[in-house]
């Protein structure tokens, strides 16, 4: 009996991870509260409602691929700031680990702690996938459902160029 329950639980978890429907282009920003790397509440819907905002998701702070992804955006910070792009990084890590990750790699943008997966769910994102989204005044204008690691900034800058000059 216990084995049957365990199998059902594992199947349900896998189903929820695989069946997430990502936001479509033109979708409004999810209206959700989140916790930043300082343990403070942030109205993510409000933050995405003004100007151009990149929100990128990574599976786990302090890992090789996630570090490469975040550091590529850090290294392009000046260029992204010249384009008035606000940035948020999200993982299912707790705020304390997010703060450590941010400090260790001198990340100039806010990280969001999503240990319960509520932000991931609002975006229709599986917990362990790597994705990136650009919002313009609260509307999704670009998404990358298989975001790269060290090439994340290059992909975002190319998307911003294309959005500016379609």
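Every number here is computed from the coordinates shown, using simple stated rules; none is lab data. Please read these numbers as outputs of a predicted model, since none were measured by experiment. Reconstructed Cβ throughout: ideal geometry from the backbone, glycine too, with neighbour counts over all protein chains shown.
Modelled spin-label separation between residue 157 and residue 42, with each label point placed 7 Å from Cα along the Cα-to-Cβ direction: 2.3 nm. If you plug the beta carbon distance of residue 100 and residue 21 into 1/(1 + (r/R0)^6) with R0 = 25 Å, you get a FRET efficiency near 0.15. Rounded to the nearest 10 degrees, the inclination of helix 2-18 to the longest alpha-carbon principal axis of the chain is 20 degrees. Between 92, 52, 106, the residue with the greatest mean-square fluctuation in the GNM of the chain (Cα pairs under 10 Å linked by springs) is 106.
Relative to the longest principal axis of the Cα atoms of the chain, helix 95-104 runs at roughly 40 degrees. Using a Gaussian network model of the chain in which every pair of alpha carbons under 10 angstrom is joined by a spring, one finds that among 51, 126, 138 the greatest mean-square fluctuation is at 51. Compared with the direct C-alpha span, the chain from residue 139 to residue 50 gains 31.1 nm at full extension, assuming 0.36 nm per residue.
What does the C-alpha gyration tensor say about the overall shape of segment 22-161? Classify as rounded when a/c is under 1.5, otherwise prolate if a/b is larger than b/c, or oblate. Note, shape of segment 22-161 comes out rounded. Counting only DSSP beta bridges whose two residues both lie in the chain, roughly 65 percent are antiparallel. Extension gain for the segment residue 150 to residue 60, taken as residue separation times 0.36 nm less the Cα-Cα distance, is 30.9 nm to one decimal. Only DSSP H runs of four or more residues enter the estimate; each adds -39500 (n - 2.57), and after division by the residues of the chain the mean residue ellipticity at 222 nm equals -11500 deg cm²/dmol. Of 136, 125, 104, the residue with the greatest mean-square motion in the GNM of the chain, using alpha carbon springs below 10 Å, is 104. Distance from the alpha carbon centroid of segment 130-166 to that of segment 46-81 works out to 11 angstrom.
Does segment 18-82 come out rounded, prolate or oblate, given a ≥ b ≥ c as the square roots of the eigenvalues of its C-alpha gyration tensor, rounded meaning a/c under 1.5 and, failing that, prolate meaning a/b above b/c? Cα axes put segment 18-82 in the rounded bin. Each Cα pair under 8 Å and six or more residues apart adds its separation to the average, and for the chain the resulting relative contact order is 31 percent.
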